[in-house]
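K.L.:
Attaching a single structure in structure tokens format; questions to follow.
The numbers here are math on the coordinates, done by the rules we state, and not lab data. Everything numeric here is computed off the predicted structure, so don't read it as measured data. With ideal geometry, Cβ positions are generated from the backbone for all residues, glycine too; neighbour counts draw on all protein chains shown.
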Amino acid sequence: MLHGPNLNLLGTREPSVYGKTTLAEIDQMLLRRGEQLGVQVRCAQSNSEGELVDLIQGAAAWADALIINPAGYSHTSVAIRDAIAAVGIRAVEVHLSNPQAREPFRHLDLVAGACWALVAGFGAVGYLVALERVAAAHGLAFEES
Ligand code: DQA
């Protein structure tokens, strides 16, 4: 799980847009659901484009799948898109909000085209949807209890 710029501020950052769930709570949710699914989840956040590229390249050595919220870099970063395409890992892009329903500059998404799937507008739940669908694609089922 890679979180892009400004997502370290979740909880206090524009809560009317992004909700009140903190990044630590999102990571906790993912780790817990990962345990239920039998998936090892590792989470990282960076405000820097180059570091995100390094993390994507590094993940190629051990990860079966990548969930990424590139945040503001979704709309600008050829480098992050190219890194995802280069490593060839199954990737899901997640957005808390629905960028298509927001300002026009958020309508362009350079990263999504390199991803297998996109989840947007469901708030923090979207991360769990991404994890569950990625796990299912790898043959691991999640039973709602
Ligand atoms: C975001 C949407 C982006 O447009 C924005 O720059 C973000 C968060 C989201 O999760 O809704 O930082 O990726």
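K.L.:
Taking H placed 1.01 Å from N in the peptide plane, check which residues at least 5 places from residue 120 or on another chain put their amide H under 5 Å from its amide H.
P.N.:
Under 5 Å from the amide H of residue 120 lie the amide H atoms of 95, each far enough along the sequence or on another chain.
K.L.:
How many percent of Cα pairs in the range 1-73 exceed 20 Å? Spell out each step's value before the answer.
P.N.:
Numbers: 875 of 2628 pairs.
When all Cα pairs of the range 1-73 are counted, 33 percent exceed 20 Å.
K.L.:
At a 10 angstrom cut-off on C-beta neighbours, averaged per residue, how do the peptides 66-75, 26-35 rank from highest to lowest? Mind showing how you got there, number by number?
P.N.:
Values: 66-75: 22.6, 26-35: 17.1.
Highest to lowest by the protection proxy: 66-75, 26-35.
K.L.:
To continue, here is another question. Give the long-range amide H neighbours of residue 66: residues separated by 5 or more places, or on another chain, with amide H under 5 Å away, using H modelled in the peptide plane at 1.01 Å from N.
P.N.:
Excluding prolines and chain starts, which carry no amide H, the hits are 90, 91, 92.
K.L.:
Ignoring solvent entirely, what values of log10 I(q)/I(0) come out of the Debye formula for the range 2-137 at 0.09, 0.13, 0.22 Å⁻¹ when each Cα is a single scatterer?
P.N.:
For the range 2-137, the Cα-only Debye profile gives -0.23, -0.49, -1.55.
K.L.:
Work out from phi, with θ = phi - 60° and the Karplus expression 6.51 cos²θ - 1.76 cosθ + 1.60, the ³J(HN,Hα) of each residue of the range 128-134, listed in order in whole Hz, and give x for Gly and Pro.
P.N.:
3J(HN,Hα) across the range 128-134, in whole Hz: 5, 4, 4, 5, 5, 6, 5.
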